[in-house]
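Enquirer: The structure that follows is given in the form of structure tokens.
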Amino acid sequence: MTNIFDKISLGYIGYRLLWGVPVLLAVVITSFIVLRFTPGGPFDREKPLPPNILKNLRTQYRLDRPMLPVYTMPKDAREKEEILAFEEKHGAFAIGPVHVSLGGALQTQLFSYLGQLLKGDLGVSMKFTQVSVNDIIKRTFPVSLLLGLLAFFLAFLIGIALGTAAAYYQDSWLDRAVMLFSAFGFSMPNFVLAAGLIFLFSLKAQLLPPALWEGPLYWVLPVVTLALAPASYIARLTRSGVIESLHEDFIRTARAKGVNERMILLKHALANALGPLVTIGGPMLAMLVTGSFIIELVFAIPGMGRYFVTAVIDRDYPLVMGVTVVYASFIVIANIAVDVLYGIIDPRVEV
Amino acid sequence: MEHISTGYWGQVADRFKKNRVAMFFMGIILFIIVAAILAPVLAPYSEEAQNADALLQGISSQHWFGTDQLGRDLLSRTLYGARVSMKVAIITSLIAMFFGTALGAISGYVGGRFDNVAMRIVDVLYSFPDLLLIIIISVVIGQGVVGIIVSLSLVSWITVARVVRGEVISIKTRPFVEAAKALGFKPARILFREILPHAIAPIIVTLTFRIPSVILAESTLSFIGLGLQPPASSWGVLASSGWKALTFYPHLILFPAGAIFITILAFNVVGDGLRDAMDVKAK
């Protein structure tokens, strides 16, 4: 048996990680620009702030400067000195009749943000003043991560078990029940399931807490809610994979050799069906960790998704950007991990 | 004697008709669409009619689905909600279908550097949190039906583009495409008249699966208050107001949430049936 580290060259992983950098950079720059051009600002309140306070705040965060620093020359400025003075005043250079400034708010903010980012500093929240975005993320990301990971493992456990059983007893009542469960689970919106579970288990039976994130008992309902849809999907994928490999020649050979049925099912058929499961594993984990905002809102869980939703509504620019950076990095890394894992499981793939 | 259809589509129809579960849910979809279209005729009350004498009533013969906190008839509101939810879902899916097919087909057919750049853009869009995009667009365009359609279309086309690109890449090496090239047909004609008709089955299946995922996205956004806003009353908006009264008036969320679930289920089952009938491999 070859050492898996012979297959996975560090060079390949390095290459993939390097490719992740421009993707991340593009996500950061696009979000930054799009966010700034979105109407509304972080200091819009139902009861407006006094104008002088608003002005000071906007100056402090440098939101008072024009976004797109393009100036047109005054028509009467024809003299060379006038032009030079104009350019110097705005820090601009001329492209035809239009003078573009490099000292404008957007570029300087973007570049200083990227500089900060390199040092790992995500800035200070505008809503929760004096709290750094790093602190908010340090506090909330582990919650979302735990929620996502628990749901991920539960989904794979249930999905693989049901899918394998359904495939082995293909066309039996068990198979039909699993397929029905899968169709239901796949079609059930998170918030509908959450409402149903809270109504039954918290309000009526009073067995489980309906909200918050204080201990294992609190984890049950959110994790089950989050895991149902992926579990249904994995069950289907496993079922079709196992059915396909049960028809392969090597299964017949194994049976002929007298390998017992459990070994055939688990070691041969299931192992052969793992490929597609690994492929969806990465995006699925990324989706579960970064897409749990609805669960976090419904169950009042102090995770990152909930902060993300409120931060976008409040235009808390640093917080939105911070969460976006963490989300995008997580998605990129999860996808790379899948490619590498895939190479370990399927030796035919050149990694 | 059993009638046996000839031709690909005849066989597809025969196979689909044999799938009783899929046929049943096809009937449900037709029922929902007819109910949505005929809502003004079918609804026993007007959508907004308030009745101070009948607040928060349970299920009764006057109000089959009960009434809400303003005494509005929930059956009527659920029927009108079907109009909004189905309109958003169908229009969004068609827009995503159109752009996704066009871009995916061109990218797959042209290949080379163009395809490379397009796929890198897709990489970036995939790493972009959907929620951020959707919220920002709904803020710029407004939280009306148009805003939600635009923002959901923007995040939906990518999936379609990926499917179509893959199909086109696998079809373009087949002999009849070579023949068309040898006959000197223009690339646009080859792509749209020769290649795409062979990809129509996976495109239809993808469209059928797009609709439930748009219904899911719209109702989820509306549920947390970031999608449509009252008085526009999609099922998600109705479920959202029902959620606030879950403890004492569970019927307020039961019916709209049930409508969402059954509709999504129906489209998923029919999508599965179509996929089997058309013998499309990948989802």
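The values are calculated or read from the model by the stated rules, or taken from the named source; none is laboratory data. Source: prediction; values computed, not measured. Reconstructed Cβ throughout: ideal geometry from the backbone, glycine too, with neighbour counts over all protein chains shown. Areas reflect the complete protein model, heavy atoms only, side chains present, ligands, DNA and RNA absent. Shrake-Rupley method; radii C 1.70, N 1.55, O 1.52, S 1.80 Å.
Enquirer: Counting just the residues of segment B:247-267 that are at pLDDT below 90 and crowded, with 22+ Cβ neighbours inside 10 Å, which one comes out farthest from the other protein chains (Cβ to nearest Cβ)?
Expert: Checked segment B:247-267; the qualifying residue farthest from the other protein chains (Cβ to nearest Cβ) is B:L252.
Enquirer: Is segment A:316-329 home to any residue that is more than 10 Å from chain B (Cβ to nearest Cβ), of a type in the set (D, E, K, R) and assigned to a helix (DSSP H, G or I)?
Expert: Checked segment A:316-329: no residue is more than 10 Å from chain B (Cβ to nearest Cβ), of a type in the set (D, E, K, R) and assigned to a helix (DSSP H, G or I).
Enquirer: Specify the residue that is nearest to the chain's Cα centre (by Cα); the eligible residues are those in segment B:124-136 that are over 11 Å from A:T290 (Cβ atoms) and open to solvent by less than 20 Å² (accessible area, probe 1.4 Å).
Expert: Result: B:I134.
Enquirer: So if I check each of B:I149, B:I141, which one is open to solvent by less than 30 Å² (accessible area, probe 1.4 Å) and either away from every other protein chain (no Cβ under 14 Å) or on the phi < 0 side of the Ramachandran plot (or both)?
Expert: Working: B:I141 fails: open to solvent by less than 30 Å² (accessible area, probe 1.4 Å).
Of the residues listed, the single one that is open to solvent by less than 30 Å² (accessible area, probe 1.4 Å) and either away from every other protein chain (no Cβ under 14 Å) or on the phi < 0 side of the Ramachandran plot (or both) is B:I149.
Enquirer: Considering only segment A:129-167, how many residues are hydroxyl-bearing (S, T, Y) and closer than 15 Å to A:G305 by Cα?
Expert: 2
Enquirer: Here is a list: B:A13, B:A36, B:A49. Which entry is loosely packed, with under 15 Cβ neighbours inside 10 Å and within 25 Å of the chain's Cα centre (by Cα)?
Expert: Going through B:A13, B:A36, B:A49 in turn, the sole match is B:A13.
Enquirer: Identify all residues within segment A:13-42 that are within 22 Å of A:I313 (Cβ to Cβ), touching a residue at least 24 places away in the same chain (Cβ under 8 Å) and open to solvent by less than 90 Å² (accessible area, probe 1.4 Å); write none if there are none.
Expert: Answer for segment A:13-42, where residues must be within 22 Å of A:I313 (Cβ to Cβ), touching a residue at least 24 places away in the same chain (Cβ under 8 Å) and open to solvent by less than 90 Å² (accessible area, probe 1.4 Å): A:V27, A:V28, A:S31, A:F32, A:I33, A:L35, A:R36, A:T38, A:G40, A:G41, A:P42.
Enquirer: Now a separate question. State the number of residues belonging to segment B:227-242 that are buried (at least 20 other Cβ atoms within 10 Å of the Cβ) and either closer than 19 Å to B:A36 by Cβ or among the hydrophobic types (A, V, I, L, M, F, W, C) (or both).
Expert: Total satisfying the criteria: 9.
Enquirer: May I pose another question? Could we say that B:I95 is open to solvent by 30 Å² or more (accessible area, probe 1.4 Å) and away from chain A (no Cβ under 14 Å) here?
Expert: Spelling it out, B:I95 is indeed open to solvent by 30 Å² or more (accessible area, probe 1.4 Å) and away from chain A (no Cβ under 14 Å).
Enquirer: Considering only segment A:334-343, I want to know if a residue exists there that is under 21 Å from A:G163 (Cβ atoms) and either open to solvent by 30 Å² or more (accessible area, probe 1.4 Å) or of a type in the set (F, W, Y) (or both).
Expert: Yes, segment A:334-343 contains at least one residue that is under 21 Å from A:G163 (Cβ atoms) and either open to solvent by 30 Å² or more (accessible area, probe 1.4 Å) or of a type in the set (F, W, Y) (or both).
Enquirer: Can B:T173 be described as more than 19 Å from the chain's Cα centre (by Cα) and polar (S, T, N, Q)?
Expert: yes
Enquirer: Something else: With (1) over 16 Å from A:G196 (Cα atoms); (2) at the interface with chain A (Cβ under 9 Å from one of its Cβ atoms); (3) among the hydrophobic types (A, V, I, L, M, F, W, C); (4) open to solvent by less than 20 Å² (accessible area, probe 1.4 Å) as the list, and B:V270 as the residue in question, which single condition is left unmet?
Expert: (2)
Enquirer: A further question on this structure: Sort out which residues of segment B:213-248 are under 17 Å from B:Q69 (Cα atoms) and aromatic (F, W, Y), and write them in order of number.
Expert: Selection gives B:W235, B:W243, B:F248.
Enquirer: Considering only segment B:125-226, give the helices (runs of 4 or more DSSP H) lying wholly within it that have at least 1 residues that are closer than 30 Å to A:G322 by Cβ and in contact with an Asp or Glu (Cβ under 9 Å, 6 or more places away or on another chain). First the steps, then the outcome.
Expert: On the way: elements: B:130-141, B:145-171, B:175-182, B:200-223.
Of the helices (runs of 4 or more DSSP H) lying wholly inside segment B:125-226, those with at least 1 residues that are closer than 30 Å to A:G322 by Cβ and in contact with an Asp or Glu (Cβ under 9 Å, 6 or more places away or on another chain) span B:145-171, B:200-223.
Enquirer: Another question, then. For A:Y71, which of the numbered conditions (1) hydroxyl-bearing (S, T, Y); (2) at pLDDT below 65; (3) within 30 Å of A:G120 (Cα to Cα) fails to hold?
Expert: Failed condition: (3).
Enquirer: Does B:I253 satisfy the condition of being assigned to a helix (DSSP H, G or I) and either within 14 Å of the chain's Cα centre (by Cα) or over 27 Å from B:G58 (Cβ atoms) (or both)?
Expert: No: the conditions fail for B:I253.
Enquirer: Whether any residue in segment B:111-123 is more than 12 Å from chain A (Cβ to nearest Cβ), in a helix (DSSP H, G or I) and crowded, with 21+ Cβ neighbours inside 10 Å is what I want to check.
Expert: Checked segment B:111-123: no residue is more than 12 Å from chain A (Cβ to nearest Cβ), in a helix (DSSP H, G or I) and crowded, with 21+ Cβ neighbours inside 10 Å.
Enquirer: Take B:L196 and tell me if it is under 23 Å from B:V12 (Cβ atoms) and either more than 14 Å from every other protein chain (Cβ to nearest Cβ) or touching a residue at least 40 places away in the same chain (Cβ under 8 Å) (or both).
Expert: So B:L196 fits the description; yes.
Enquirer: Still on this structure: Within segment B:55-87, restricting attention to residues that are within 28 Å of the chain's Cα centre (by Cα) and of a type in the set (G, A, S), which residue is modelled with the lowest pLDDT?
Expert: The extreme case among them is B:S76.
Enquirer: Might you let me know whether segment A:257-271 holds any residue that is among the acidic types (D, E) and farther than 30 Å from B:S240 by Cα?
Expert: Yes - at least one qualifying residue is present in segment A:257-271.
Enquirer: Of all residues in segment B:200-243, which are away from chain A (no Cβ under 12 Å), in contact (Cβ under 8 Å) with a residue 60 or more places away in the chain and more than 25 Å from B:L75 (Cβ to Cβ)?
Expert: B:A201, B:P202, B:I203, B:I204, B:V205, B:T206, B:L207, B:T208, B:R210
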